[in-house]
Amino acid sequence: MRVDFDPAAVGPTAFYRFLTSVVVPRPIAWVSTITPDGAVENLAPHSFFSIASTDPPIVQFTSIGRKDSLRNVEDTGEFVVNFSPEPMLHLIRDTATDFPRTVSEFNTAGIEREASRCVRPSRVAAAPVVLECRSHTTLRMGNSTLVFGRVFFAAVHEEYLLNGRPDARRLRPLTKLGGDEWGTLGEILHLNRIPYEEPQPG
């Protein structure tokens, strides 16, 4: 027997908890941004994150409510997606605190920066992969805003490459589950696609 969850009946908060418990695992974009005056660099994890397009290369993260990341992207048009590896779990968790916009999570968590190549926000120096993005589109949807960014530059620490591309086992990506649960990569399965073949006339 199924248990029903009607969004209209349970309310938005309870259905948010339901959705984030079943749409799992979710990759985490550790988004760095900068205030328009350049005084404060913000850093926050966003677990509603995906690829929106490959040509041109566009990634997307969602801000639930008006987070500092969203405000800074709207004001500057730039952000960096820093990939979230398992060994940095506690630092990533520390930057999820809802600090005021005038407080830099880089500073409060003691995270080392490095300069970006094409955008003003800094990268996380220890992040395995970084994507430097400029805002392409923002789309307001209900209580959330989808931020689409075109990737203008990407960089990978060489120890995470295998045969010229990032290797999942070396990256050890973190994922977000429901509530306060986080996930790790776990077992990797290899299964080739089955190509379609036209039926042969009998």
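For segment 81-188, a Kirkwood hydrodynamic radius built from all Cα pairs, placed in the Stokes-Einstein relation at 4 °C and 1.567 mPa s, yields a translational diffusion coefficient of 82 µm²/s. Working note: Karplus 6.51/-1.76/1.60 with θ = phi - 60° gives segment 86-96 the couplings 3, x, 9, 3, 5, 5, 5, 4, 5, 8, 7 Hz, where Gly and Pro are set to x. Rolling a 1.4 Å probe over the heavy atoms of the protein chains gives segment 46-202 an accessible area of 62 Å² per residue. Database remark: amide H of Ala125 closer than 5 angstrom to the amide H of Glu112, Arg113, Glu114 (H placed geometrically; neighbours at sequence offset of 5 or more, or on other chains; Pro and chain starts carry no H). Taking a quarter of the surface of the Cα convex hull of the chain gives a mean projected area of 16.7 nm².
Straightening the chain between Ala96 and Thr184 buys 29.9 nm, computed as 0.36 nm per residue apart minus the Cα-Cα spacing.
Expressed as a whole percentage, what fraction of the accessible surface of the chain belongs to carbon and sulfur atoms when a 1.4 Å probe is rolled over the protein heavy atoms? Roughly 53 percent, rounded to a whole number. Between amide H atoms placed 1.01 Å from N, distances below 5 Å from Trp182 occur with Leu177, all of them 5 or more places distant or on a separate chain.
Sequence-ordered 3J(HN,Hα) estimates for segment 115-129 from the Karplus curve with 6.51, -1.76 and 1.60 and θ = phi - 60° stand at 5, 7, 8, 10, 10, 6, x, 6, 8, 7, 4, 8, 5, x, 9 Hz, glycine and proline given as x.
The calculated FRET efficiency for Val22 paired with Gln200, based on their beta-carbon distance and R0 = 41 Å, is about 0.45.
Per-residue packing, averaged as other Cβ atoms within 10 Å, sorts the ranges 179-188, 118-127, 142-151 into the order 118-127, 142-151, 179-188, beginning with the highest. Entry note, the chain: the mean residue ellipticity at 222 nm calculated from DSSP H runs of n ≥ 4, each adding -39500 (n - 2.57), is -4500 deg cm²/dmol after division by the residues and rounding to the nearest 500.
The values are calculated or read from the model by the stated rules, or taken from the named source; none is laboratory data. Predicted, not measured: the structure shown is a model, and the values here were computed from it. Positions of Cβ are backbone-derived with ideal geometry, glycine not excepted, and every protein chain shown enters the neighbour counts. Calculation scope for accessible area: heavy atoms of the full protein, side chains included, ligands and nucleic acids excluded. Shrake-Rupley method; radii C 1.70, N 1.55, O 1.52, S 1.80 Å.
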